[in-house]
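The values are calculated or read from the model by the stated rules, or taken from the named source; none is laboratory data. The model shown is predicted, which means the values in this text are computed figures rather than measured ones. All Cβ positions, glycine included, derive from the backbone under ideal geometry; neighbour counts span all protein chains shown.
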Amino acid sequence: MQKFKVADIVFQMKLDFEETANWYKPYLYDGEEEPEFSLVADPKRMDYLVKNGLDITPAIAENVVLCTDFNRRLMKYYGSYIHSSALLFDGKAYLFSANSGVGKSTHTKKWLKRFGERAAIINDDKPSFRFIDGKCIIYGTPFAGGTDIQQNISAELGALVFIERSEDNLLEKLPVSRAIALLLEQSPKRANEQMGERQLEMYSMLLSKYPAYLLKCNMDDSAVDAALGILKD
């Protein structure tokens, strides 16, 4: 097994496919820290995904299973993932979250086009987060969906933004109750009651310190103008 470091956690994994190994190369770890745990993708779960998924290769299935297992282990360290496109802008991470197909990746790419080197994508599908010393840190991970856009970088969260398609562009701040409900829609399924309780605890911590918004937007470049309101908090 090889050692990797994701979200500042050292662990070891057995990888069966070259394609998967290439995705994980930026996270290889050769330091002295001992691994916190080991991961091996369950062949039965992989076979199920290949047989029942759409265009799911064995390598993709291995990555999906490892993503699920890693993030379940990460809860012990007050972390998990949020289905989102994580944008690094002026040193802070901004999570743009939405159901697949709504346009979160399209929106964050407009920031890259507008701001150039001031902006970068940390992870375009499943960035991890952890609470460390009272701060919510967003991490690039090898779990990046079909785009495989990710970097092994991290930054403190700036704001959480949920995207909704609309003809007009409008940014509004969300109350905590609605933000938690939307977070649960874009988060991994709770495997048991204990995990569910930890998840709600983490989200309460997150929303007590960081603002959450609803961005109603079209896919025009002007949508970025409305979204810039997230920088004011």
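Listing for the model above:
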{"quantity": "Looking only at region 62-100, and only at residues there that are part of a strand (DSSP E or B) and hydrophobic (A, V, I, L, M, F, W, C), the one that is nearest to Asp220 (Cα to Cα)", "calculated": "Phe96"}
{"quantity": "Test result for Ala86, assigned by TED's automatic domain parsing to the domain that holds Gly134 and either under 17 Å from the mean Cα position of the chain (by Cα) or at positive phi (or both)", "calculated": "yes"}
{"quantity": "Among (1) of a type in the set (A, V, I, L, M, F, W, C); (2) more than 24 Å from Phe70 (Cα to Cα); (3) modelled with pLDDT of 90 or more - the single one Cys217 does not satisfy", "calculated": "(3)"}
{"quantity": "Region 94-144: number of residues that are out of contact with any helix residue (DSSP H, G or I) (no Cβ under 7 Å at 6 or more places or on another chain) and either among the acidic types (Asp, Glu) or under 23 Å from Tyr77 (Cβ atoms) (or both)", "calculated": "17"}
{"quantity": "Flag if Ser166 is of a type in the set (S, T, N, Q), out of contact with any strand residue (DSSP E or B) (no Cβ under 7 Å at 6 or more places or on another chain) and surrounded by fewer than 17 Cβ atoms within 10 Å (Cβ to Cβ)", "calculated": "no"}
{"quantity": "Positions within region 177-201 being over 20 Å from the mean Cα position of the chain (by Cα) and not charged (D, E, K, R), in sequence order", "calculated": "Ser177, Asn192, Gln194"}
{"quantity": "Hits in region 118-131 (condition: of a type outside the set (Gly, Ala, Ser), over 15 Å from Gln186 (Cβ atoms) and in a strand (DSSP E or B))", "calculated": "Ile121, Ile122, Arg130, Phe131"}
{"quantity": "Residue in region 101-117 that is modelled with pLDDT under 90, out of contact with any Asp or Glu (no Cβ under 8 Å at 6 or more places or on another chain) and assigned to a loop (DSSP other than H, G, I, E, B) present", "calculated": "yes"}
{"quantity": "Which listed residue, of Thr20, Thr57, Thr106, Thr68, is closer than 30 Å to Ser166 by Cβ and either of a type outside the set (Asp, Glu) or without any contact (Cβ under 8 Å) to a residue 24 or more places away in the chain (or both)", "calculated": "Thr106"}
{"quantity": "Candidate set: region 114-135, residues that are under 26 Å from Asp225 (Cβ atoms) and surrounded by fewer than 22 Cβ atoms within 10 Å (Cβ to Cβ); chosen: the one nearest to the chain's Cα centre (by Cα)", "calculated": "Ala120"}
{"quantity": "Total residues in region 65-110, condition farther than 20 Å from Arg130 by Cβ, surrounded by 24 or more Cβ atoms within 10 Å (Cβ to Cβ) and not polar (S, T, N, Q)", "calculated": "1"}
{"quantity": "Test for Pro188: is it within 21 Å of Ile122 (Cα to Cα), in the same structural domain as Gly134 (by TED's automatic domain parsing) and crowded, with 18+ Cβ neighbours inside 10 Å", "calculated": "yes"}
{"quantity": "Condition broken by Asp30, with the remaining ones in (1) within 23 Å of Phe131 (Cα to Cα); (2) in a loop (DSSP other than H, G, I, E, B) satisfied", "calculated": "(1)"}
{"quantity": "Hits in region 37-92 (condition: touching a Ser or Thr at 6+ places or on another chain (Cβ under 7 Å) and within 24 Å of Ser154 (Cα to Cα))", "calculated": "Asn63, Asn71, Leu74, Gly79, Ser80, Tyr81, Ile82, His83, Ser84, Ser85, Leu87"}
